Amino acid sequence: GKGYQIKMNNSDELVITGLKSAYNHPISLSGSWNILGYLHQYSANIETMLNPIEDNLVIIKDENGDVYWPEYNLNNIGEMKSGEAYQIKIFNPSIFIYPDID
């Protein structure tokens, strides 16, 4: 459920090995900015996926600068995608669990 930002001087390939986390693995979020990895194997609507923390959510951004910003009814991310991570800002510390995909 964690994501990472890496700054490199040259292009290269990063290989990560290990087991995939279950989509419903609890993720600890601080009451500020976090990097949230998307754990489902299939894309899903961002509003549905973040519904469990909707009242605590300030904004979430993807790697392209697209945002889901509920306060302004702005959503140009659309769907969260497998293997992606997002910068997310919340009001208060929280334990987040992704909901099931219908």
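Listed by first and then second residue, the pairs with beta-carbon distance under 6 Å, at least 6 apart or on different chains, first residue in segment 77-88 and closer than 14 Å to H40 by Cα, second in a loop (DSSP other than H, G, I, E, B) and small (G, A, S), are E79/S43; K81/S43; A85/G3.
Applying the criterion of being over 12 Å from the mean Cα position of the chain (by Cα) and under 30 Å from N92 (Cβ atoms) to the residues of segment 2-22, the residue that is modelled with the highest pLDDT is A22. Among the residues of segment 56-102, write down those that are open to solvent by 40 Å² or more (accessible area, probe 1.4 Å), farther than 13 Å from Y38 by Cα and hydrophobic (A, V, I, L, M, F, W, C). W69, L74, F91, I95, listed by residue number. The one condition from (1) under 22 Å from A22 (Cα atoms); (2) modelled with pLDDT of 95 or more that G83 does not meet is (2). Checking each residue in segment 1-23 for being touching a residue at least 40 places away in the same chain (Cβ under 8 Å) and surrounded by fewer than 12 Cβ atoms within 10 Å (Cβ to Cβ) picks out K2, Y4. Pairs are defined by a Cβ separation below 7 Å, a sequence spacing of at least 6 or placement on different chains, a first member in segment 27-43 that is open to solvent by 50 Å² or more (accessible area, probe 1.4 Å), and a second member that is of a type in the set (V, I, T) and in a loop (DSSP other than H, G, I, E, B); the pairs so defined are Y42/I101.
The values are calculated or read from the model by the stated rules, or taken from the named source; none is laboratory data. Model, not experiment: these values are computed from the prediction. Every residue, glycine among them, receives a Cβ derived from its backbone with ideal geometry; neighbour counts consider all protein chains shown. Protein only, heavy atoms only, side chains kept; ligands, DNA and RNA dropped before computing areas. Shrake-Rupley method; radii C 1.70, N 1.55, O 1.52, S 1.80 Å.
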